[in-house]
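The values are calculated or read from the model by the stated rules, or taken from the named source; none is laboratory data. Source: prediction; values computed, not measured. Positions of Cβ are backbone-derived with ideal geometry, glycine not excepted, and every protein chain shown enters the neighbour counts. Quick note on the areas: whole protein, heavy atoms, side chains included, nothing else; ligands and nucleic acids left out. Shrake-Rupley method; radii C 1.70, N 1.55, O 1.52, S 1.80 Å.
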Amino acid sequence: MSNNLRAGEFYGQVPNKRNIPAVTLTEVVHKQRISVPKHSHELGHFQLLLDGSYLENCGGKDVSLQPMTISWHRPGIIHKDEIGNNGGRFFMMEMQPRVIERLKEFSQIPDDFYVRNSSLVWLGYKLYQEFRNWQFCSDLVAEGIVLEMLANSVRQQGSGEKQKPVWLTRIVEKLNEEFTENFSTEELALEAN
């Protein structure tokens, strides 16, 4: 197995996995203590620890996670995992590139983080319940929850200072670079999407 894992690839057992256009959803189980080698993931992802214990070293910092902790990792972030004595069960939510591109229209990709007692944990668990009871329109429900999770992450990180939307920065740059041109509001709106 490569050290840069593709969508749906994980160390451990994978009892259930679903690929939909927005996200790859995977349940990952480790039945006993194990040291997982350094690796990265091709896709940005949320990880919800459902059961067990888990220690992660990411960026030279050790973080100990308890059940019902959710984490976010950007694509390509290298980390090393230690699964606890009684193993661990995880719900992985890997964002497809088109979802990340959609997010970039509004903000930068959030920095890596770990949270408990947050609306993100509730949303992640809600998505896990949908995953376990998949039915008609579950694809749509899953995509909606994933987009809400990403928006929540961006809001939490930017709650202290407001960032200009990406489209506004693009328009200001256009106006500065092409200041001698006469643009209509409609042309600028099309440029901003």
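Comparing 25, 55, 127 in a Gaussian network model of the chain (Cα springs below 10 Å), the most mobile by mean-square fluctuation is 55. Annotated for the chain: lysine pairs at least 8 residues apart or interchain, Cα distance under 21 Å, count 10. Comparing 24, 169, 69 in a Gaussian network model of the chain, where Cα atoms under 10 Å apart are tied by springs, the biggest mean-square fluctuation is seen for 169. For segment 67-165, GluC sites (Glu not before Pro) meeting the loop criterion (DSSP other than H, G, I, E, B) and having at most 14 other Cβ atoms within 10 Å: 105, 161. Between 104, 80, 174, the Gaussian network model of the chain with springs among Cα atoms under 10 angstrom shows the greatest mean-square fluctuation at 174.
Tell me the carbon and sulfur percent of the accessible area for segment 92-193, rounded to whole percent, probe radius 1.4 Å. Summing carbon and sulfur atoms, their accessible area is 51 percent of the total for segment 92-193. What the Cα atoms of the chain give is an Rg and a Dmax of 19.1, 67 Å.
Give me the dipole magnitude in Debye, nearest 20, for segment 93-193 about the Cα centre, with unit charges on the beta carbon: positive for Lys and Arg, negative for Asp and Glu. All intermediate terms of the calculation are to be shown ahead of the outcome.
Values: 11 positive and 17 negative charges, 127 e Å.
It comes to approximately 600 debye.
Tell me the per residue accessible area of the chain using a 1.4 Å probe; a whole number in Å² is fine.
58
Would you mind checking the tilt of helix 138-157 against the longest principal axis of the Cα atoms of the chain, expressed as 0 to 90 degrees and rounded to 10? Roughly 70 degrees between the two axes.
Computed from point charges on the beta carbon alone (+1 for Lys and Arg, -1 for Asp and Glu), the dipole magnitude for segment 89-137 about its Cα centre is near 220 Debye. Couplings for segment 42-48, taken from phi via the Karplus curve 6.51 cos²θ - 1.76 cosθ + 1.60 with θ = phi - 60°, read 4, 10, x, 8, 9, 10, 10 Hz in order; Gly and Pro are left as x. For segment 164-193, the set of chymotrypsin sites (Phe, Trp or Tyr not before Pro) satisfying both a DSSP loop assignment and a count of at most 15 other C-beta atoms within 10 Å is given as 179, 183. In this structure, the amide hydrogen of residue 43, modeled 1.01 Å from its nitrogen in the peptide plane, lies closer than 5 angstrom to those of 76, counting only residues at least 5 positions away or on a different chain. Think of it as helices only: each DSSP H run of n ≥ 4 in the chain is worth -39500 (n - 2.57), and spread over all residues that comes to -10000 deg cm²/dmol at 222 nm. In sequence order, segment 117-128 has phi-based couplings of 6, 9, 4, 5, 5, 4, 5, x, 5, 4, 5, 4 Hz under the Karplus curve 6.51 cos²θ - 1.76 cosθ + 1.60, θ = phi - 60°, and Gly or Pro positions carry x.
Of the accessible area of segment 1-43, computed with a 1.4 Å probe over protein heavy atoms only, carbon and sulfur atoms account for 43 percent. A full extension of the chain between residue 167 and residue 180 corresponds to an added length of 2.6 nm, given 0.36 nm per residue minus the alpha carbon distance.
Placing +1 on the Cβ of each Lys and Arg and -1 on the Cβ of each Asp and Glu in the chain, which of 43, 10, 180 has its Cα farthest towards the positive end of the resulting dipole? Farthest towards the positive pole: 10.
Between residue 100 and residue 36, the modelled label-to-label distance comes to 1.7 nm, taking each label 7 Å out from Cα in the direction of the beta carbon.
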